[in-house]
Amino acid sequence: MTVIGDRVARATRTAAPRRSRLSPFIVVVVGAVIVVALTYTLPPFRTYQLATVGAYLCVTAGLTVLTGLNGQLSLGHGALMATGAYTLALWQNKFNLLLPGILVAILVTTAVGAVIGLAAARLRGPYLAGLTLAVAVVVPSITSTFDETFNSDQGLSVILNPPPDSMTVEQWQAWVCWGGALITVLALALLTRGRFGRDMRAVRDDETAARLAGISVARTQVTAFVISAACAGLAGALFAIIAQSVSPGAFPLTLSLFLLMAIVIGGLGRLTGALLGAVLLVALPAVAHEIGVAAGSQRLEGNLALTFFGVVLVVVMLAAPGGLASLRLPTRRKRVEPPP
């Protein structure tokens with residue numbers, strides 16, 4: 001009984017969330033001000049990249065909560081993004097109502113995530129990774145099977161109303177993407193600070209001790225997967241808005257791998273790490289594209305992106321095993337002179 005008591009106590013201690021000095025509401029407001037200011041100062045292409053970072057932040061934030069706080073490994077979030085993107089495209093082509101379309105995309109992806117989460121709650125380690133990897137392979141093939149609905153490899157266009165005359169298309173995209181990203185970060189920050197956050201940490205650290213503490217392990221894991229799937233669905237819908245088209249080639253298997261590497265490099269379980277990972281998802285492929293164009297080889301461009309992620313992952317894990325978000329600037333301590 002003493003051993004069991006120690007395990008319960010250890011799970012309870014490790015489950016306690018770390019309180020941030022800043023309120024999530026203040027961080028979101030400051031972030032919104034910065035994004036708005038950047039959309040009026042950056043050139044159009046950089047504003048487009050800023051919008052892409054916001055879309056990626058939605059999925060990396062949800063994935064880092066799922067993997068970093070709850071301990072579930074997913075290789076299928078690219079497929080969940082595709083689900084949200086195709087749902088929005090089908091909705092817009094029929095109704096052309098953007099905000100309801102985004103909500104429908106989130107709901108449909110949430111339902112898909114619930115089905116996967118029920119199966120994932122019974123699996124661990126490589127078996128869970130294999131299941132989500134199968135999802136990442138199956139979902140793109142559905143578009144080829146039902147080509148009359150999804151238009152096969154050519155994909156679907158996304159009908160959108162023009163933005164207001166007072167702003168450019170890139171500015172409007174950045175505002176929409178970062179509006180969704182900031183709402184997602186705020187919701188996840190509040191959620192992980194409460195009881196559910198403690199439950200996820202307890203399940204991640206020791207499932208047996210969590211059960212003895214009265215926590216439903218299966219319900220916690222399914223709920224975490226559903227929340228993460230909803231974030232991925234929102235990200236997919238935002239990507240459909242940015243690209244104004246949806247195709248299977250936009251959500252390859254490598255996208256799920258990139259998402260996982262990005263949150264590991266940024267810092268698992270930290271929303272700051274999710275932001276850093278989203279920036280890397282835009283910056284590293286852009287650098288690979290420029291090098292590929294300079295070398296005159298598209299094949300080199302595709303391989304360089306994966307190579308860059310691998311090299312950065314190895315370097316960061318050697319220098320900072322907790323990810324980039326765990327790094328702290330060195331502070332100089334004041335020397336206290338002894339009294340005379």
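The values are calculated or read from the model by the stated rules, or taken from the named source; none is laboratory data. All values derive from a computational prediction rather than experimental measurement. Cβ: placed from backbone, ideal geometry, glycine included. Neighbour counts: every protein chain shown.
Just the residues that are at pLDDT 95 or above, out of contact with any helix residue (DSSP H, G or I) (no Cβ under 6 Å at 6 or more places or on another chain) and of a type in the set (Gly, Ala, Ser), please, taken from region 158-186. Within region 158-186, just Gly179 meets the criteria. Only one of the numbered conditions (1) at pLDDT below 85; (2) in contact with a helix residue (DSSP H, G or I) (Cβ under 6 Å, 6 or more places away or on another chain) is not met by Leu329, and that is (2). Does Leu90 satisfy the condition of being part of a helix (DSSP H, G or I), more than 19 Å from Ala129 (Cα to Cα) and modelled with pLDDT of 95 or more? Here the answer is yes, as Leu90 does meet what is asked.
Would you confirm, using the coordinates I've provided, whether Val293 is assigned to a helix (DSSP H, G or I) and over 29 Å from Glu170 (Cα atoms)? Answer is no for this residue. Within region 108-122, residues that are under 10 Å from Ala218 (Cβ atoms) and surrounded by fewer than 19 Cβ atoms within 10 Å (Cβ to Cβ) reach partners that are at pLDDT 90 or above and not acidic (Asp, Glu) with beta carbons closer than 7 Å, at six or more positions or on different chains, in the pairs Leu118/Val222.
Here Val222 meets each of (1) among the β-branched types (Val, Ile, Thr); (2) touching a Leu at 6+ places or on another chain (Cβ under 7 Å); (3) closer than 30 Å to Gln154 by Cα; (4) buried (at least 19 other Cβ atoms within 10 Å of the Cβ) with one exception, condition (3).
Only one entry in Thr307, Thr272 is of a type in the set (S, T, N, Q), surrounded by fewer than 20 Cβ atoms within 10 Å (Cβ to Cβ), outside any loop (DSSP other than H, G, I, E, B) and at pLDDT below 90, namely Thr307. What is the number of the single condition among (1) buried (at least 19 other Cβ atoms within 10 Å of the Cβ); (2) within 28 Å of Val279 (Cα to Cα) that Ala209 does not meet? Here Ala209 clears every test but (2). Listed by position, the helices (runs of 4 or more DSSP H) inside region 107-193 whose residues that are closer than 27 Å to Thr272 by Cα number at least 1 are 125-145, 169-193.
When Gly68, Gly54 are checked against the criterion of being closer than 23 Å to Leu275 by Cα and either modelled with pLDDT of 95 or more or assigned to a loop (DSSP other than H, G, I, E, B) (or both), a single residue qualifies: Gly54. Condition check: buried (at least 20 other Cβ atoms within 10 Å of the Cβ) and among the basic types (Lys, Arg). Does Arg193 satisfy that? When the stated conditions are applied, Arg193 does not pass them. Kindly establish whether Ala229 is touching a His at 6+ places or on another chain (Cβ under 9 Å), at pLDDT below 90, under 27 Å from Leu131 (Cβ atoms) and buried (at least 18 other Cβ atoms within 10 Å of the Cβ). Judged against the criteria, Ala229 is not a match. Could you tell me whether Gly194 is under 20 Å from Gln72 (Cα atoms) and under 21 Å from the mean Cα position of the chain (by Cα)? Considered against the rule, which asks whether it is under 20 Å from Gln72 (Cα atoms) and under 21 Å from the mean Cα position of the chain (by Cα), Gly194 comes out as yes.
For region 169-189, the criterion of being among the hydroxyl-bearing types (Ser, Thr, Tyr) and farther than 29 Å from Gly54 by Cβ is met by none of the residues.
Evaluate region 251-267: report whether one residue or more is closer than 19 Å to Ile183 by Cβ, touching a Leu at 6+ places or on another chain (Cβ under 9 Å) and buried (at least 24 other Cβ atoms within 10 Å of the Cβ). No, region 251-267 has no match at all. Within region 226-238, is there a residue that is farther than 27 Å from Ala136 by Cβ and either in a helix (DSSP H, G or I) or in contact (Cβ under 8 Å) with a residue 12 or more places away in the chain (or both)? The answer is no, given that none of the residues of region 226-238 is farther than 27 Å from Ala136 by Cβ and either in a helix (DSSP H, G or I) or in contact (Cβ under 8 Å) with a residue 12 or more places away in the chain (or both).
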